[in-house]
Amino acid sequence: MIISPSVLSLHYDKFNEELDLLNKHADWIHFDVMDGHFVPNLTFGPDILKAFRRNSKLFMDVHLMVEDPVYFTDVFASAGADSIIFHYEAFNNISSCIDLIDKIHSKYLKAGISIRPNTPVEIVEELLDKIDIFLVMSVEPGFGGQAFIEDSYQKIKYLDDYKKKHNLDFIIEVDGGVNDRNAHDIIQAGANALVAGSFIFNGDIENNINKLKNA
């Protein structure tokens, strides 16, 4: 099980201390990029990712919640991303999604797709044999600290069944409201990677990561 702490919740006055704990205990680092337009919040630019890259060898998992994912793919690929996950809703067009997946792969990065909680997963079925990661948003994207949306279990199970039926191997990553109370059920539904921010950073980071790993 991949544990990918969302550094949206990292305490930046304790950057070195908390990143050291992530380097020792986490598998990936999840980096949420918001442009203030696609979602109302505004977060990190590429220089922040470069700082993580200089101080960590962990896999940098970049989630673009932006109106122009093509532009930001170039920006964050150059800053040190290992994967780029973008939203179908930025295009609402399968052909444009395929073009960006190809662009991400041309940079030797893993390509991922995500959808808002109210977007049916069937809309992006055509992309599932082309991606490396499917990020299930189990909260509405844009803010940390939200409660897990229970309907997300059905979406995770659907993706897991589809993978098995079609012999695919993309990672099912789940982001939003993940904690030690629901992690076991999320994993049982078919998830391969868990993103958690508030749960991991609001307390003992090492212990909280281990709780997810042992769920």
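Please work out the Cα center distance from the stretch 150-215 to the stretch 18-36, rounded to the nearest Å.
Value for the Cα centre distance between the two parts: 16 Å.
Considering the chain as a Gaussian network with a 10 Å cut-off on Cα pairs, which listed residue, K110, K14, K57, attains the greatest mean-square fluctuation?
Of K110, K14, K57, the most mobile in the Gaussian network model is K14.
For the stretch 1-65, what is the charge dipole size about the Cα centre, in debye to the nearest 20, if Lys and Arg each add +1 at the Cβ and Asp and Glu each add -1 at the Cβ? Write out the running numbers ahead of the final one.
Values: 6 positive and 9 negative charges, 46 e Å.
Taking the Cα centre of the stretch 1-65 as origin, the dipole is about 220 debye.
Given 0.36 nm per residue, what is the gain on full extension from K24 to N167 after removing their alpha carbon distance, in nm? Each step should come with its number before you reach the end.
Values: separation 143, 0.36 × 143 = 51.48 nm, distance 3.33 nm.
Value of the extension gain: 48.1 nm.
So how strong a dipole does the stretch 70-138 carry about its Cα centre when Lys and Arg Cβ are +1 and Asp and Glu Cβ are -1, to the nearest 20 debye? Before the final figure, lay out the partial values.
Working: 5 positive and 10 negative charges, 44 e Å.
Roughly 200 debye, rounded to the nearest 20.
If I build a Gaussian network model for the chain, linking alpha-carbon pairs within less than 10 angstrom, which residue out of V66, V174, V195 has the largest mean-square fluctuation?
Result for the chain, Cα springs under 10 Å: V66 fluctuates most.
Amide H of V136: which non-local residues (sequence gap of 5 or more, or other chain) have their own amide H closer than 5 Å, using H built in the peptide plane?
Close amide H contacts, sequence-distant or interchain: E173, V174, D175.
Take every Cα-Cα pair in the stretch 64-215 and report what % of them are more than 20 Å apart.
Looking at the stretch 64-215, the distances longer than 20 Å represent 49 percent of pairs.
For the stretch 36-110, take every pair of Cα atoms, bin their distances at 10 Å starting from 0, and report each bin as a whole percent.
With a bin width of 10 Å, the distribution comes to 19, 52, 26, 3.
Could you tally the net charge around I84, taking each other residue with its Cβ under 11 Å from the Cβ of I84, Lys/Arg +1 and Asp/Glu -1?
Numbers: positive: K103, K107, K110; negative: D61, D74, D82, D132.
Overall, the nearby charge balance is -1.
Restricting things to alpha carbons, find the Rg to Rh ratio for the stretch 1-58 using the Kirkwood radius for Rh. It would help to have the intermediate numbers written out before the result.
Working: Rg = 11.9 Å, Rh = 12.1 Å.
Result: Rg/Rh = 0.98.
How much length is gained on full extension from A147 to E125, taking 0.36 nm per residue of separation minus their Cα-Cα distance?
The A147-E125 span can extend by a further 5.3 nm.
About its Cα centre, what dipole magnitude does the chain give when the only charges are +1 on Lys and Arg Cβ and -1 on Asp and Glu Cβ, stated in debye to the nearest 20? Please list the in-between numbers first.
On the way: 19 positive and 33 negative charges, 99 e Å.
Dipole size: approximately 480 debye.
Please order V136, V124 by the number of other Cβ within 10 Å, starting at the fewest.
Working: V136 26, V124 19.
The most exposed by this proxy come first: V124, V136.
Limiting things to C-alpha atoms, what are the Rg and the maximum Cα-Cα separation (Dmax) for the stretch 96-150, in angstroms?
According to the Cα coordinates of the stretch 96-150, Rg and Dmax are 12.8, 36 Å.
I want to verify a result. In a Gaussian network model of the chain, Cα cutoff 10 Å, which of these has the top mean-square fluctuation: L109, L159, L168?
Ranking L109, L159, L168 by mean-square fluctuation puts L168 first.
Among S106, S138, S56, what is the fewest-to-most ranking by other Cβ atoms within 10 Å? Can you show the working numbers first?
Working: S106 10, S138 25, S56 16.
Least crowded to most crowded, the residues run S106, S56, S138.
Between K213 and I98, with labels modelled 7 Å along Cα→Cβ, what's the label distance in nm to one decimal, could you check?
4.1 nm
Every read-out reported here was derived from the displayed coordinates using simple, explicitly stated rules and does not represent laboratory data. None of the values given here were measured: they were computed from a predicted structure. As a convention, Cβ positions derive from the backbone with ideal geometry for all residues, glycine included, and neighbour counts pool all protein chains shown.
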